[in-house]
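The values are calculated or read from the model by the stated rules, or taken from the named source; none is laboratory data. Quick caveat: nothing in here was measured; it's all calculated off a predicted structure. Virtual Cβ from ideal backbone geometry, glycine too; neighbours counted across all protein chains shown.
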Amino acid sequence: MIKEVKIPDIGENIEKGDVIEILVKEGQMVDIDTPLIEFETDKAVVDIPSSSKGRISKILVNKGDTIKIGQVIVQIDSDAESSGTPKKTEPVKQTKEAPMIAKPASDMGKKLPIPTETKPSIKKEVVSKEPILKDIETEPVSAGGAAPASPTVRRLARELGADINKVSGSGPGGRISDDDVKAFVKKIVLQKGAEPSAAVPHALPLPDMSKWGEIRAEKFSRVRALISESVSRSWSVVPHVTQFEKADITELEDFRKNFNKKNEKSGTKLTVTAVLMKVLAQGLKEFPRFNAALDPANEIIIYRNYIHIGIAVDTERGLLVPVVRDIDKKSIVELAQALDDIAKRARDKSLKPDEFEGGTFTISNQGGIGGVDFTPIVLWPQVAILGVSRASMQPVFINGQFEPRLILPLSLSYDHRANDGADAARFMHWVVEALEQPLMLYVDK
């Protein structure tokens, strides 16, 4: 009997993903729960297991394919059972007939031929910082509802000032897409006599760069596409300001090294990021607007009574931001352990989709790579992100003479709608003081 294995429902609002690796071959014996493919969604990479026992009779997908939830990926002959142990799964090698133009860091690139007769172009979504329909009399934006749309589409509707429940979906079961929202907004704008170009994202054509030399094109990986969408939206929606500071962490570094030396056998390594998480556990309570979210359409600040910190992790697939939850309820050792755990699982693709959700603030530490300062982008709907650069030994004038001190550069990017420059300066001063004099955390101010 031939049985079909389909992509199961693996999370709310996940509709499709990319085949990263095929882990079996046609003719191979598999058991129930034998991994068949690596499947990457917007949130995580997961193994899709076999739901039947038998021999792989046909593989219906290829590496690099974008497939939908419910799509058949493999056919299994369940009558062809074997008493032997199923073969160990192995990644299927790329065939010579389908070479990749250039192997990307994530190993997920896909060849994109560029016809010489057409000019290559990219489309860049430019979303207005104010809702397009702000000054047009329409129905108020719905606070929720059961409109069949993904969170991404709902956010786009909110940013354009459209009521998602008024949009007609063109997808299966009436599901609403980005294009449906844009068409709805364009129709309303034209009906009201406004400037139609404001409602339609601009496409910026590229020049024909092949005229000046050889070029190659490479399709975005799923993670790179997600990063592109996320930072573009954040940059368009959030009015960014960055506040820079420097902290003297000479004593802190001595403490950190002594701690790691004494606890070497435990395997727990205390890092500057773990210390910053502990500091922020208190700092975000002292300055709650940096842990908040904004609803500008209704002129509301939403204060969160929980602190979940997103940690930017550099992986071969691109930047991932898993979340450590309830940092104010964890000890500094527990935070160090949690940080090490999520960083390892981010790199070996074993994080679950919900581990990327719910962040209230983010830390991006580039100190291990280098650099002096940088301006991180706030990850909407958060209102702040702390950038950390590489610490360096610098001369500091103390008590009439210069002394070598270890100085840590910090940069806080924040949403100016939620906090003013003075707020950011006070918050950063508090963080620096906590790093330089940690006992001040326990002084009642």
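Can you work out which of the residues in segment 285-303 that are in a helix (DSSP H, G or I) and more than 18 Å from His416 (Cβ to Cβ) is farthest from the chain's Cα centre (by Cα)?
Glu286
Assess whether Phe244 counts as being within 20 Å of the chain's Cα centre (by Cα) and either assigned by TED's automatic domain parsing to the domain that holds Val432 or among the aromatic types (Phe, Trp, Tyr) (or both). It would help to see each step written out before you state the result.
On the way: within 20 Å of the chain's Cα centre (by Cα): no; either assigned by TED's automatic domain parsing to the domain that holds Val432 or among the aromatic types (Phe, Trp, Tyr) (or both): yes.
In short, no.
Within segment 218-241, can you find the residues that are modelled with pLDDT of 80 or more and surrounded by fewer than 17 Cβ atoms within 10 Å (Cβ to Cβ)?
Within segment 218-241, Pro239, His240, Val241 qualify.
Kindly check whether there is at least one residue in segment 373-393 that is in contact with a Phe, Trp or Tyr (Cβ under 6 Å, 6 or more places away or on another chain) and exposed (fewer than 13 other Cβ atoms within 10 Å of the Cβ).
Within segment 373-393 (the criterion being in contact with a Phe, Trp or Tyr (Cβ under 6 Å, 6 or more places away or on another chain) and exposed (fewer than 13 other Cβ atoms within 10 Å of the Cβ)), the answer is no, since none of the residues qualifies.
Mind listing just one residue for me: the one in segment 38-63 that is assigned to a strand (DSSP E or B) and within 30 Å of the chain's Cα centre (by Cα) and, of those, farthest from Pro322 (Cα to Cα)?
Pro49
Matching residues to (1) crowded, with 17+ Cβ neighbours inside 10 Å; (2) at pLDDT 85 or above; (3) closer than 17 Å to Thr34 by Cβ; (4) polar (S, T, N, Q):
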site	(1), (2), (3), (4)
Pro49	no, yes, yes, no
Ser78	no, no, yes, yes
Glu81	no, no, yes, no
Thr85	no, no, yes, yes
Glu90	no, no, yes, no
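Applying the selection to segment 248-273, what residues are under 13 Å from Leu435 (Cα atoms) and touching a Ser or Thr at 6+ places or on another chain (Cβ under 9 Å)?
Across segment 248-273, the qualifying residue is only Arg256.
Being crowded, with 20+ Cβ neighbours inside 10 Å, more than 29 Å from Gly358 (Cα to Cα) and out of contact with any helix residue (DSSP H, G or I) (no Cβ under 8 Å at 6 or more places or on another chain) is true for just one of Ile7, Ile2, Ile37, Ile22. Which residue is that?
Residue meeting the stated conditions: Ile22.
Can you tell me which residue within segment 1-20, out of those that are modelled with pLDDT of 80 or more and among the acidic types (Asp, Glu), is nearest to Ala149 (Cα to Cα)?
Asp18
Take the conditions crowded, with 18+ Cβ neighbours inside 10 Å, within 23 Å of Leu280 (Cβ to Cβ) and either touching a Pro at 6+ places or on another chain (Cβ under 7 Å) or at pLDDT 90 or above (or both) and apply them to Leu408. Does it pass?
When the stated conditions are applied, Leu408 does not pass them.
Inside segment 265-281, can you point out the residues that are closer than 18 Å to Val388 by Cα and of a type outside the set (A, V, I, L, M, F, W, C)?
Selection gives Thr271, Thr273, Lys278.
Could you run through segment 256-283 and say how many residues are in a helix (DSSP H, G or I) and loosely packed, with under 14 Cβ neighbours inside 10 Å?
Summing the residues that are in a helix (DSSP H, G or I) and loosely packed, with under 14 Cβ neighbours inside 10 Å in segment 256-283 gives 7.
Determine if segment 23-37 includes at least one residue that is under 24 Å from Pro172 (Cβ atoms) and either of a type outside the set (A, V, I, L, M) or under 21 Å from the mean Cα position of the chain (by Cα) (or both).
There is no residue in segment 23-37 that is under 24 Å from Pro172 (Cβ atoms) and either of a type outside the set (A, V, I, L, M) or under 21 Å from the mean Cα position of the chain (by Cα) (or both).
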